[in-house]
Amino acid sequence: MADQLSVACLGAGLIGASWAGLFTAAGHAVRLHDPDAEALAAARARVAEVHADLAAIGVLQDRRPGELTLAPTLAEAVSGADHVQENAPEKLELKRGLFAETRAHAPDAVIASSTSTFPPSQLFEGLAGADKTLVVHPMLPPHLMPIAELVPGPATAPATLDATAALIRSTGHEVIRLKRETPGFVLNRLQFALLAEAYQLVDRDICDPVELDRAVTRGLGYRWACIGPLTASHLMGAGGFAGQMRAYGPAVQTVMRQLNVTEPWSDALADTIDTPLRARTPEAAIPDARRARDTRLKALRRLLDTP
Ligand SMILES: NC(=O)c1ccc[n+]([C@@H]2O[C@H](COP(=O)([O-])OP(=O)(O)OC[C@H]3O[C@@H](n4cnc5c(N)ncnc54)[C@H](O)[C@@H]3O)[C@@H](O)[C@H]2O)c1
């Protein structure tokens, strides 16, 4: 494995506690900070759950877990850290303030943000040591979804991407390295493209929301858990990817030309989609539904990731 690193996690919510659990399970020492004392106190139990999840899927079991320290102040969390993973609420000025404070106490640390929406050029503009900054965007829940995308800003040094990729890979996850930033990065751009069409199919009354979900869980998602969409085309028939483009290209292009989305959704459509989903999973049942999701994710990890 990579060397044991000193990692600071800022924010102990859904994402931060999950990262803290994953990094400690991989043997790194983690200092976790959250200004909300209750959230911080609850994080130890959450990290134990993360370790139990990882034990259930048999990953990182050859490692001795790193120490978890709950840090009441940001300074205590980041001083001397090699890598700082920021997981505070999605508010630009809040995050920029945290980066400035972090840099004051950790001049040499890599500062990474888990942000889903802010490009690194905006997050880190004017920050000292911008060569050691980037976005490390996970999927929810970060300890079970085995990927993070690394998004460099204009100032990010290649060595920062290399060091961060090594840290993420030390957890058993894989990375995708973007060559430069773009709104939504890669994971959400792909997700939003699919969602935009999903909304249209419901809005045009072609398909009900629950059926639409099934098209992904029993169809595309099932295949895509094993093989990417581009490689899936390459394996589809004679002639590899180029052969498929020639055979099906005109028909595919006809449909793709209809996919331009100018009005992604309306409030009325949001209600149309919400109603059947809410009937199936009322808000009170969402915590149970999340646990059921994670149970299936663990089964999938066991199936696909066990050597
Ligand atoms: N939830 C997702 O699906 C998801 C996926 C990928 C990335 N992200 C990104 O991860 C980040 C965190 O999201 P989340 O879902 O964990 O949010 P969350 O609301 O669950 O957790 C945020 C935590 O940050 C803490 N916090 C508030 N002020 C802080 C400060 N000044 N310093 C440190 N911590 C502070 C809060 O007390 C809370 O515990 C966001 O940037 C979000 O865009 C979220």
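Observations
- Magnitude of the charge dipole for the stretch 6-177, about its Cα centre and with charges confined to Cβ atoms of Lys, Arg (+1) and Asp, Glu (-1), is about 160 debye.
- About the centre of its Cα atoms, the chain shows a dipole size close to 960 debye [charges on the beta carbon of Lys, Arg (+1) and Asp, Glu (-1) only; nearest 20 debye].
- Relative contact order (percent, whole number), the stretch 6-177, Cα cutoff 8 Å, 6+ residue spacing: 22
- Label point distance in nm, T231-D205, each placed 7 Å from Cα along Cα→Cβ: 4.2
- Kirkwood-Stokes translational diffusion coefficient of the chain, alpha-carbon pairs, 25 °C, 0.890 mPa s, µm²/s: 116
- Antiparallel bridges, percent of DSSP beta bridges restricted to the chain (to nearest 5): 15
- Helix 14-25 vs. the chain, principal-axis angle (Cα, 0 to 90°, nearest 10): 60
- Selection from G219, L194, T160 lying farthest towards where the dipole of the chain points positive, charges on Cβ: G219
- Rg/Rh for the stretch 62-144, where both radii come from Cα atoms and Rh is the Kirkwood radius: 0.97
- For the chain, averaging the sequence separation of C-alpha pairs within contact (under 8 Å, six or more residues apart) and dividing by the residue count gives a relative contact order of 14 percent.
- Shape analysis of the stretch 1-41 places it in the prolate category; the axes a ≥ b ≥ c from the Cα gyration tensor give an a/c of at least 1.5, with a/b above b/c.
- Charge tally in the Cβ shell below 12 Å around A225, where Lys, Arg are +1 and Asp, Glu are -1, A225 excluded: +3
- Remark: the L190-E76 segment gains 37.2 nm on full extension, using 0.36 nm per residue and subtracting the alpha carbon distance.
- Virtual paramagnetic centre 7 Å along Cα→Cβ of E90, amide N under 17 Å, in the stretch 154-196: 182-196
- Selection from P119, V30, S170, by position along the positive dipole direction of the chain (Cβ): S170
- Sorted on the mean count of surrounding Cβ atoms within 10 Å across their residues, most packed first, peptides 282-290, 181-189, 149-157 read 149-157, 181-189, 282-290.
- Sorting 243-256, 131-144 by their mean Cβ neighbour count within 10 Å, with the most densely packed peptide first, gives 131-144, 243-256.
- Size descriptor for the stretch 6-177, Kirkwood hydrodynamic radius: 15.6 Å (Cα pairs only, one decimal).
- By average C-beta atoms within 10 angstrom, highest first, the peptides 13-21, 163-171, 211-219: 13-21, 163-171, 211-219
- Projected area averaged over orientations for the stretch 35-103, convex hull of C-alpha atoms, nm²: 5.8
- Remark: the stretch 187-305 projects, on average over all directions, an area of 9.4 nm² (convex hull of Cα atoms).
- Estimated [θ] at 222 nm from DSSP helical runs (n ≥ 4, -39500 (n - 2.57)) normalised by residues in the chain, nearest 500: -15500 deg cm²/dmol
- Eligible lysines near K91 by straight Cα distance, threshold 18 Å, same-chain separation 8 or greater: none
Bear in mind that the values in this text are calculations on the coordinates, not laboratory data. Being a predicted model, the structure only gives us computed values, none of them experimental. So basically every Cβ, Gly included, is an ideal-geometry build from the backbone, and we count neighbours across all protein chains shown.
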